[in-house]
Amino acid sequence: MLVDVGLLGASLVDVDRDVLTLAVCAHDVVYNGRPGEDERASAAWARSHLLDASVHEQVVARVEKLVLATITHESDGDLLADILLDADLAILGASEEQYDAYVRAVRAEYAHVPDEHWRVGRSAVLRGLVDREVIYRTADARRRWDSAARSNMRRELAAI
């Protein structure tokens, strides 16, 4: 994600790139396969550790807000959130080999979910993404990843 944020945020001022870097590093620091809870716990972790490091409250609040945006993948037009959310979904537009490795890793994370339930849930997630008019919020991300992302997800749906 750091590479992808670097690509999408190349024209940002240094402080915004720094905030995005902190958000990327914190966004999945707590990851127990509990959507929503994990992001909230990661945001709380970021707040605590950044304050302990004497990071300015304004920066801490910004990082926290960005991490929390990964719960709903909504940005309210916030460019930094758009970049973070696009970078979070960049794997969808990766090469077939990278995407397939990602799918295997996600399945392993949810190994406790029976296959039938996994197929139903995963299909719903994929359909929700493929059916979106816009997957990526920034023009650069759309140019880089949209076509491959749709192809990868359709291929996965066909295999399910």
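The values are calculated or read from the model by the stated rules, or taken from the named source; none is laboratory data. Note that the structure is predicted; figures quoted are calculated from it, not measured. Every residue, glycine as well, gets a Cβ built from its backbone with ideal geometry; the counts of neighbours run over all protein chains shown. Accessible surface is based on the protein model in full, side chains and every heavy atom, while ligands, DNA and RNA are left aside. Shrake-Rupley method; radii C 1.70, N 1.55, O 1.52, S 1.80 Å.
When the chain is modelled as a GNM with alpha-carbon springs shorter than 10 Å, which of Ala23, Ala139, Ala44 fluctuates the most?
Ala139
Per 5 Å bin from zero, what fraction in whole % of the C-alpha pairs of region 34-147 is there, up to the bin with the longest pair?
2, 10, 15, 19, 20, 16, 10, 6, 2, 0
Looking at region 95-160, which trypsin sites (Lys or Arg not before Pro) are DSSP coil and have at most 15 other C-beta atoms within 10 Å of their C-beta? Walk me through the numbers on the way to the answer.
Details: sites: Arg104, Arg107, Arg119, Arg122, Arg127, Arg132, Arg137, Arg142, Arg143, Arg144, Arg150, Arg154, Arg155; in loops: Arg132, Arg137.
Sparse-neighbourhood loop trypsin sites (Lys or Arg not before Pro): Arg132.
Quick check for you: with a 1.4 Å probe and neighbouring chains kept, what is the accessible area per residue of region 81-156, in Å²? All intermediate terms of the calculation are to be shown ahead of the outcome.
Numbers: 4120 Å² over 76 residues.
Accessible area per residue, region 81-156: 54 Å².
Can you tell me the relative contact order of region 32-160? Whole percent, Cα pairs under 8 Å, sequence separation 6 or more.
Details: 94 pairs, mean separation 32.5, N = 129.
Reported relative contact order: 25 percent.
If the elastic network links every pair of Cα atoms under 10 Å, which of Leu80, Leu68, Leu129 fluctuates the most in the Gaussian network model of the chain?
Ranking Leu80, Leu68, Leu129 by mean-square fluctuation puts Leu129 first.
Leaving ligands, DNA and RNA out of it, report the carbon-plus-sulfur percent of the accessible area of the chain at a 1.4 Å probe. Display every interim value, and only then the final one.
On the way: 4710 of 8890 Å².
With neighbouring chains kept in place, the figure for the chain is 53 percent.
Highest GNM mean-square fluctuation, the chain, Cα pairs closer than 10 Å: which of Leu85, Leu126, Leu20?
Maximum among the listed residues: Leu126.
Using the Karplus curve 6.51 cos²θ - 1.76 cosθ + 1.60 with θ = phi - 60°, work out ³J(HN,Hα) for each residue of region 131-137 in order, rounded to whole Hz, and write x for Gly and Pro.
7, 5, 5, 10, 8, 9, 7
Please compute the net charge surrounding Arg132, taking Lys and Arg as +1 and Asp and Glu as -1 over other residues with Cβ under 12 Å from its Cβ. Provide the component values of the computation, followed by the final result.
On the way: positive: Arg127, Arg137, Arg142, Arg150; negative: Asp131, Glu133, Asp146.
Local net charge: +1.
Give the Cα extents of region 3-57 along the principal axes, in whole Å, largest first.
Here the spans come out as 34, 26, 13 Å, largest first.
In the chain, with Lys and Arg counted as +1 and Asp and Glu as -1 at Cβ, which of these residues, Leu51, Ala94, Ser11, has the Cα nearest the positive end of the dipole, that is, farthest along it?
Ala94
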